[in-house]
Structure formats: structure tokens, C-alpha cells
Amino acid sequence: MAENAKNHLPHFNNAAFDIVAIAASAGGLTALVKVLSTLPAKFPGAIAIVQHLGPQYRSFLAEILSRRTALTVKQAQEGDCLTPGTAYVAPPNRHLLVNGDGTLSLSQSELVHFLRPSADLLFESVAATYKDRAIAIVLTGTGSDGAIGVEAIKKMGGTVIVQDVKTAEFSGMPSAAIQTGNVDFILPLDEISNTLMTLVMGECK
């Protein structure tokens, strides 16, 4: 894979989808733990996470999540190469973007809807790069971040999962995503992980 990394987007063996991009805001820690905790260490796709956090504090999100899942979890760094079974968490006050060669970029470009990191920017970069091999998930949160990105994912042939608002601590983000009409699955929090495994691993067992 390394030889072609500069010119060629890596596709992962045994995965029907290469990347899962997850967005959460208020109430997100509990929801993220629920989704990630049952995924196996050998999950064949990479995961990128935007959780809205106060920009002024160091984030312990990666450390907390890593104790609750068999996946490798790390705070994303500039130039990280997407790897199966690894979840990359956007650092506070940095946009997380996926590049055309499967590497990650961090950006301090302007706030999007008063937010940095922005789920919309992550989803849009994932859609442009991975097209129909991308999954976007919108979890609990206030506001509407992710709704524009969800439309980009669907436009490029990707798959969208949204947490059912009845199981969301805060319904703003899931509701905004659902209202776009670009959602494939609206699921209770408890069912998202199993659906993810079926989608990513099911076709390529």
C-alpha cells in the first residue's frame, strides 16, 4: 500500500466500506462508547470521529474511548494514514479532513457554523475521497452540523446512518440530518454497532 499511497487511494481487504465517519456533539461520549464498544479489534474499516469539544481544554476523548473498545483509538495527527481497526478522533479546535491518498489533515481554517471541528467538513472530505465506500453516522447533538455533509455522502453514493431521535440525548443533529431526506438507516443507539458490522464486514466475509 505504501508504494502507491501518494497516487492511489488504499482500499482495505475484507471491507465493503473503507471508512466510517462519525459526528456527535452534546451527549456524544455515551453514544460513541455505545457504538464503538462492541466493534472488534479486527474491524476492517477505519473510523474518523468529530465530537464537538471546548477548544480551550485538552481532550481526553481518545483515552476514554480506547478503554471502552477493542479498536485502536488515537487523537488524529497531521499525516496519519488511515488504518483498519483504528479510530481517529479530531483534536479540539481542529477540523479533521481525509485526503485523496487516505491520509488525514488537521486544519485551523475558519469555523463552520461556529464550530471547529466540523462534521460537515469531515463528511464532505470523506465523500469526495471514498465515495460509495464511505459511511457517515450522525449521533446525538445540538445544532445542525453534519446535515450538509450527509447530503455530500449520499450524492457520492455513500451510506448514511442516523441515531433515532427517541434514543438521542439531544435531537438537533439527528433531526437535521433526517430532514435532508438523505438517510439510509434511522436506528436506535443500541442497533447502530451491529448494523455497522453487517454493512462493513457482511459482504466480504
Keeping the other protein chains in place, figure out the carbon and sulfur percent of the accessible area of region 1-138, with a 1.4 Å probe.
51 percent
The size of the Cβ-based charge dipole (Lys, Arg +1; Asp, Glu -1) of the chain about the Cα centre, to the nearest 20 debye, is 340 debye
Using a 1.4 Å probe on heavy atoms of the protein chains only, the accessible area for R116 in Å², nearest 10, reads 50 Å²
Which label marks the calculated value of mean projected area of the Cα convex hull in nm², given the options (1) 11.3; (2) 9.9; (3) 11.9?
(2)
So how do M173, M201, M156 rank on accessible area, 1.4 Å probe, biggest first, that is with the largest at the start?
M156, M201, M173
Which distance in Å, rounded to a whole number, links the C-alpha centroids of region 125-152 and region 54-87?
19 Å
The chain: longest segment with zero exposed chymotrypsin sites (Phe, Trp or Tyr not before Pro), where exposed means DSSP loop plus at most 15 other C-beta atoms within 10 Å, is residues 115-205
Please label the shape of region 1-122 as rounded, prolate or oblate, based on the square roots a ≥ b ≥ c of the eigenvalues of the alpha-carbon gyration tensor (a/c under 1.5 means rounded; beyond that, a/b larger than b/c means prolate, else oblate).
oblate
Give me the dipole magnitude in Debye, nearest 20, for region 10-80 about the Cα centre, with unit charges on the beta carbon: positive for Lys and Arg, negative for Asp and Glu.
280 debye
Which residue, T30, T72, T83, has the most motion in a Gaussian network model of the chain that connects Cα atoms within less than 10 Å?
T30
For the pairs K34/K154; K42/K166; K74/K155; K131/K166, flag any whose C-alpha to C-alpha distance is greater than 28 Å.
K42/K166; K74/K155; K131/K166
Towards the positive end of the charge dipole of region 45-95, with charges on Cβ (+1 Lys, Arg; -1 Asp, Glu), say which of L65, T83, I47 has the farthest Cα.
L65
Whole-Hz ³J(HN,Hα) for each residue in region 11-22, computed from phi via Karplus 6.51 cos²θ - 1.76 cosθ + 1.60 with θ = phi - 60°, x for glycine and proline: what do you get?
10, 8, 5, 6, 10, 7, 10, 8, 9, 10, 9, 10
With +1 on the Cβ of every Lys and Arg and -1 on the Cβ of every Asp and Glu, the dipole magnitude of region 40-80 about its Cα centre, in debye rounded to the nearest 20, is 200 debye
Prolate/oblate/rounded call for region 91-205, Cα gyration tensor, a/c under 1.5 rounded:
oblate
Does region 147-205 classify as rounded, prolate or oblate by the C-alpha gyration tensor (a ≥ b ≥ c root eigenvalues; a/c under 1.5 gives rounded; else a/b over b/c gives prolate, otherwise oblate)?
oblate
Taking the Cα centre of region 71-205 as the origin and placing charges on Cβ (Lys, Arg +1; Asp, Glu -1), which of V200, Q179, P92 is farthest toward the positive end of the dipole?
V200
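The values are calculated or read from the model by the stated rules, or taken from the named source; none is laboratory data. Please read these numbers as outputs of a predicted model, since none were measured by experiment. FYI the Cβ positions are ideal-geometry reconstructions off the backbone, even for glycines, and counts take in every protein chain you see. Accessible surface areas use protein heavy atoms only, side chains included; no ligands, DNA or RNA. Shrake-Rupley method; radii C 1.70, N 1.55, O 1.52, S 1.80 Å.
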